[in-house]
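Okay, structure first, notes after.
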Amino acid sequence: MKMNRFRRISPGSARADHRAGGGGFTLIEITIVLLLIGILSSIAIYTYRMMIDKARMTQAKTVLGHLTKTEATWFSDHDRYTDNVALLDFDPVRYDYYQVSVVLLDNGMNYVGTARGVGVMDNDLWTITKDGQPVQDNSSRFR
């Protein structure tokens, strides 16, 4: 009896053999993978931008904390606060995302310090008083 050396392949099993052999991906599979990659990358970019903005906002808190300390030192020496940030040793180059200003209240016995965003942080506004708690403006787009 002779044995047939060729296997008989039915139409259904040909597809299964083709898939098992690693023949390739369908267009729908590639599209789904690209869609998932796009969604994940957009989430990652959004999160990255938010982290960058938070890091920049830390500069506002830092500069206002520095303002509180220097104003306290000035007050202990002169019995009043000053609105001249140059006398307080503020270097505007050091704080490139915020511009600092001081408004005196009660004839120099109190003050409100502001850090206004410039450049990419435009429309961000922080304030601080002599109590030392920086507060972000409610209308800031970075809130």
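Projected label points at Gln136 and Ile30, each 7 Å from Cα along the beta carbon direction, are separated by 4.4 nanometres. Taking Met57, Met50 and ordering them by how much accessible surface each has at a 1.4 Å probe, largest first, produces Met50, Met57.
The values are calculated or read from the model by the stated rules, or taken from the named source; none is laboratory data. Since the model is a prediction, treat every value here as computed from it, not as a measurement. FYI the Cβ positions are ideal-geometry reconstructions off the backbone, even for glycines, and counts take in every protein chain you see. What goes into the accessible areas is simple: the full protein's heavy atoms, side chains included, and nothing from ligands, DNA or RNA. Shrake-Rupley method; radii C 1.70, N 1.55, O 1.52, S 1.80 Å.
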